[in-house]
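Before any comments, here is the structure.
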Ligand SMILES: *Cc1c(COP(=O)(O)O)cnc(C)c1O
């Protein structure tokens, strides 16, 4: 069995760019909140493709929709209309509070679209982003991503991006002005370590943008589609952005992104300003439509809130010395440790639980929203044991 794994690793190491720090397993199958590796070992998946597999792995409704659509029409250019794209736009846009949608293929592309739209709509150049932000790896999105390790090798990036302290109104006040095209923030920071701002902070961001004539962009790439116990995280505060970005869970595991905007902003986008060859193709639209229906039919948004509380309470009850803070909303939970969490991730994997460590010391739990109480109990048990055993 290990030779199947080793063979995969050998070929990866010979032919694939070595830009990922991979965990030492190869995953070959998934169902619900569980995946199996090539050796047949089973894992409860609290990574979920990094908040992508909200419905669990290979949800039958998505499998069915994709299979059916693939046999009918996989791709056509945006030079033509398709019913799948129109249908998805009609179903998704009203849920977001926005008026129009542009389809692309990933989170970073959604952010690129948002930055271009902000410049186009305001005629201004500057952006304000937050410390610990993550918005993607392409040049524009990277310019508003804070982590110096990601940025520095690729400078110069977009000019005039200012980083403010997240969840700090004063810091924002000092940076938003008449040259600001947009302020971009995650309504809950994901990669930055599951940081939850106050509603008041997000409201102030809205007010400061309005006063300065700047646009407010909410990057909901990670927080969308029930992840935080609401359809979209912005609903917790009730603050409405001008532009919103989505991706990750949008198409039930298939690659898809979207940029949405209110009408007055969207109207500034001119024909020819922006495009994506694959954006909103019939196959991914069919997957996204099936995914929206599952979230609705299985009450996954409510389930995320309930299971998230259950997980967070269970982790809190452990009262572990190494844990400095537990935070999150719904099934987006971060456990901050006073040590690096890499060894704990290894321990958990060796005991059948996949976890991710972000920001060096924050264990991130973003399991499928379909995860059961029994699975959560097991996850908590492994984490408790792991923290005790890994020094
Ligand atoms: C993951 C993520 C992105 C980038 O998405 P990709 O699909 O990897 O390009 C952007 N913003 C946020 C908030 C994310 O979590």
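The values are calculated or read from the model by the stated rules, or taken from the named source; none is laboratory data. Values in this document were obtained by computation on a predicted structure and should not be read as measured data. Note that we place each Cβ from the backbone using ideal geometry, even for glycine, and neighbour counts take in every protein chain shown.
Residue by residue through segment 172-200, note down the ones that are outside any loop (DSSP other than H, G, I, E, B) and surrounded by fewer than 18 Cβ atoms within 10 Å (Cβ to Cβ).
Step one: list which residues in segment 172-200 are outside any loop (DSSP other than H, G, I, E, B), which gives 172-173, 180-185, 189, 195, 199-200.
The answer is 173, 199, 200.
Can you tell me which residues in segment 205-216 are crowded, with 20+ Cβ neighbours inside 10 Å and in a helix (DSSP H, G or I)? Before you say what the answer is, go through the steps one by one.
Of the residues in segment 205-216, the ones crowded, with 20+ Cβ neighbours inside 10 Å are 205, 208-209, 214-216.
Across segment 205-216, the qualifying residues are 205, 208, 209.
Which one is nearest to residue 293 (Cα to Cα), of the residues in segment 218-254 that are in a strand (DSSP E or B) and in contact with a strand residue (DSSP E or B) (Cβ under 8 Å, 6 or more places away or on another chain)?
Of the residues in segment 218-254, the ones in a strand (DSSP E or B) are 218-219, 243-246, 251-252, 254.
Adding the requirement that they be in contact with a strand residue (DSSP E or B) (Cβ under 8 Å, 6 or more places away or on another chain) leaves 218-219, 243-246.
Numbers: 218: 24, 219: 23, 243: 24, 244: 21, 245: 20, 246: 17 Å.
Only one residue tops the list, namely 246.
Is it fair to say residue 379 is surrounded by 15 or more Cβ atoms within 10 Å (Cβ to Cβ), touching a residue at least 40 places away in the same chain (Cβ under 8 Å), outside any helix (DSSP H, G or I) and in contact with a strand residue (DSSP E or B) (Cβ under 7 Å, 6 or more places away or on another chain)? Working first, answer last.
Values: surrounded by 15 or more Cβ atoms within 10 Å (Cβ to Cβ): yes; touching a residue at least 40 places away in the same chain (Cβ under 8 Å): yes; outside any helix (DSSP H, G or I): no; in contact with a strand residue (DSSP E or B) (Cβ under 7 Å, 6 or more places away or on another chain): yes.
So residue 379 fails the test.
Can you go through 45, 99 and tell me which one is touching a helix residue (DSSP H, G or I) at 6+ places or on another chain (Cβ under 7 Å), under 26 Å from residue 221 (Cβ atoms) and surrounded by 14 or more Cβ atoms within 10 Å (Cβ to Cβ)? Spell out the reasoning first.
Working: 45 fails: touching a helix residue (DSSP H, G or I) at 6+ places or on another chain (Cβ under 7 Å).
Step by step, each of 45, 99 is checked, and only 99 is touching a helix residue (DSSP H, G or I) at 6+ places or on another chain (Cβ under 7 Å), under 26 Å from residue 221 (Cβ atoms) and surrounded by 14 or more Cβ atoms within 10 Å (Cβ to Cβ).
Filter segment 292-350 for residues that are part of a strand (DSSP E or B) and in contact with a strand residue (DSSP E or B) (Cβ under 9 Å, 6 or more places away or on another chain) and give the result.
So in segment 292-350, the residues part of a strand (DSSP E or B) come out as 323-329, 332-337.
Of everything in segment 292-350, those that are part of a strand (DSSP E or B) and in contact with a strand residue (DSSP E or B) (Cβ under 9 Å, 6 or more places away or on another chain) turn out to be 323, 324, 325, 326, 327, 328, 332, 333, 334, 335, 336, 337.
Yes/no per residue for (1) more than 15 Å from the ligand (Cβ to nearest atom); (2) buried (at least 20 other Cβ atoms within 10 Å of the Cβ); (3) outside the structural domain of residue 190 (by TED's automatic domain parsing):
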| site | (1), (2), (3) |
| --- | --- |
| 116 | yes, no, no |
| 136 | no, yes, no |
| 150 | no, no, no |
| 155 | yes, no, no |
| 158 | yes, no, no |
| 168 | yes, no, no |
